[in-house]
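See below for the structure under consideration.
The values are calculated or read from the model by the stated rules, or taken from the named source; none is laboratory data. As the structure is a prediction and not an experimental result, all values here were calculated from the model. As a convention, Cβ positions derive from the backbone with ideal geometry for all residues, glycine included, and neighbour counts pool all protein chains shown.
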């Protein structure tokens with residue numbers, strides 16, 4: 001009888017050893033190489049815990065979920081964690097957590113009622129500890145972190161994701177574009193394939209385009225363009241300062257453009273001796289380069305300024321100038337300022353005469 005009891009106790013101990021980790025949490029699945037998010041949340045019994053990745057556009061992706069047992073214990077295996085901000089969500093309560101993506105086990109212990117206040121213990125992630133402390137500072141200030149303080153934190157913290165988060169949330173991107181680009185470059189250097197790096201870069205580009213479009217009004221300086229001609233030599237729009245310039249966005253495959261070319265040629269021949277010229281930006285693609293060159297010859301576009309990045313509708317200057325359809329033209333005066341946006345065939349000559 002004694003041997004039977006001893007054997008039974010040994011078996012029970014072995015089962016616990018195999019099914020639980022040393023802290024009494026459910027063990028990770030066999031051959032699991034990701035990050036185990038485990039926790040004990042009072043008042044969370046018999047609910048479900050979700051672990052989401054928060055993207056920079058505020059959308060979320062569910063990385064894993066688990067039922068919380070009667071003791072408030074849960075364990076969520078997370079594959080493919082990366083350097084990012086995450087959210088632990090239980091019912092209507094949630095909290096944000098930063099991870100480097102290299103953690104093996106992260107433990108959260110607290111009470112569901114105070115979870116969203118950051119009143120819980122977090123272990124297993126240095127990245128998370130830094131972010132948690134900064135979040136506590138933000139909440140204590142009523143979520144009103146001064147830009148100078150956010151910049152000081154971003155410049156000195158060892159947590160790249162916390163640095164990026166503080167910069168995006170608390171430092172105005174329109175007024176501090178170069179600073180944001182510096183944070184992005186630092187982040188991309190160590191995390192080139194990160195979804196955060198990709199999304200952050202897209203946000204910066206969108207803001208740049210927005211700022212550019214706000215300046216696209218008559219009287220404002222024209223945005224410079226610096227692209228290669230068919231021979232590969234770069235030609236800058238700003239080098240034409242002193243001339244009246246028609247920036248003409250077109251493409252060899254665009255029928256309305258080709259139909260409009262004779263009128264542009266007429267204006268060029270009529271006013272080139274008076275300081276008028278054309279700077280043509282083609283929206284052809286790389287595999288259409290020969291077609292672009294042939295169209296220049298066929299349509300008798302004899303001015304020397306023909307450029308293209310051969311990216312089609314992804315042409316960077318076209319985006320900066322807000323081009324949504326072609327042909328699209330911008331008339332620039334002798335000082336390099338915008339004189340008229342997209343003057344039509346029947347008004348172009350009148351606009352040129354105003355500048356002579």
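Could you please give the count of residues in segment 64-93 that are part of a strand (DSSP E or B) and either more than 25 Å from the chain's Cα centre (by Cα) or over 20 Å from residue 129 (Cβ atoms) (or both)? Spell out how you get there, then give the answer.
So in segment 64-93, the residues part of a strand (DSSP E or B) come out as 64-67, 73-78, 84-90, 93.
Then keep just the ones that are either more than 25 Å from the chain's Cα centre (by Cα) or over 20 Å from residue 129 (Cβ atoms) (or both); that gives 64-67, 73-77, 89-90, 93.
Result for segment 64-93: 12.
So for segment 10-32 (the condition being part of a strand (DSSP E or B), closer than 22 Å to residue 100 by Cα and at pLDDT 80 or above), does at least one residue qualify?
Our first condition is that a residue be part of a strand (DSSP E or B); within segment 10-32, this holds for 20, 26.
Still in the running and closer than 22 Å to residue 100 by Cα: none.
Among the residues of segment 10-32, not one is part of a strand (DSSP E or B), closer than 22 Å to residue 100 by Cα and at pLDDT 80 or above, which makes the answer no.
For segment 210-235, which positions are outside any strand (DSSP E or B), touching a residue at least 12 places away in the same chain (Cβ under 8 Å), in contact with a strand residue (DSSP E or B) (Cβ under 8 Å, 6 or more places away or on another chain) and at negative phi?
Listed by number, the residues that qualify are 216, 217, 218, 220, 222, 224, 225, 229, 230.
To keep it simple, each residue is scored yes or no on (1) surrounded by fewer than 14 Cβ atoms within 10 Å (Cβ to Cβ); (2) modelled with pLDDT of 90 or more; (3) closer than 30 Å to residue 328 by Cβ.
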site	(1), (2), (3)
138	no, no, no
164	no, yes, no
189	yes, yes, no
219	yes, yes, yes
234	yes, yes, yes
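Please verify whether residue 127 is outside the structural domain of residue 163 (by TED's automatic domain parsing), touching a helix residue (DSSP H, G or I) at 6+ places or on another chain (Cβ under 9 Å), part of a loop (DSSP other than H, G, I, E, B) and within 23 Å of residue 164 (Cβ to Cβ), treating the condition exactly as stated. I'd like the intermediate steps shown before the answer.
On the way: outside the structural domain of residue 163 (by TED's automatic domain parsing): yes; touching a helix residue (DSSP H, G or I) at 6+ places or on another chain (Cβ under 9 Å): yes; part of a loop (DSSP other than H, G, I, E, B): no; within 23 Å of residue 164 (Cβ to Cβ): yes.
Judged against the criteria, residue 127 is not a match.
I need the full set of residues from segment 338-355 which are at pLDDT below 90 and touching a helix residue (DSSP H, G or I) at 6+ places or on another chain (Cβ under 6 Å), in order please.
At the first step, the residues of segment 338-355 found to be at pLDDT below 90 are 344-347.
Scanning segment 338-355 gives a single hit, 345.
Out of the residues in segment 160-209 meeting the condition of being in contact with a strand residue (DSSP E or B) (Cβ under 8 Å, 6 or more places away or on another chain) and part of a helix (DSSP H, G or I), tell me which one is nearest to residue 129 (Cα to Cα). I'd like the intermediate steps shown before the answer.
First, the residues of segment 160-209 that are in contact with a strand residue (DSSP E or B) (Cβ under 8 Å, 6 or more places away or on another chain): 161-162, 165, 194-196.
Filter once more, so that each one left must be part of a helix (DSSP H, G or I): 161-162, 165, 195-196.
Values: 161: 12, 162: 10, 165: 14, 195: 22, 196: 20 Å.
Filtering segment 160-209 for residues that are in contact with a strand residue (DSSP E or B) (Cβ under 8 Å, 6 or more places away or on another chain) and part of a helix (DSSP H, G or I), the one nearest to residue 129 (Cα to Cα) comes out as 162.
Report yes if some residue within segment 236-244 is within 16 Å of residue 307 (Cα to Cα), under 30 Å from the mean Cα position of the chain (by Cα), in a strand (DSSP E or B) and not assigned by TED's automatic domain parsing to the domain that holds residue 210; otherwise report no. Working first, answer last.
Filtering segment 236-244 down to residues within 16 Å of residue 307 (Cα to Cα) leaves 236-240.
Then keep just the ones that are under 30 Å from the mean Cα position of the chain (by Cα); that gives 236-238.
Filter again for in a strand (DSSP E or B), leaving 236.
In the following step, the residues that additionally are not assigned by TED's automatic domain parsing to the domain that holds residue 210 were identified as 236.
Yes, that holds for at least one residue.
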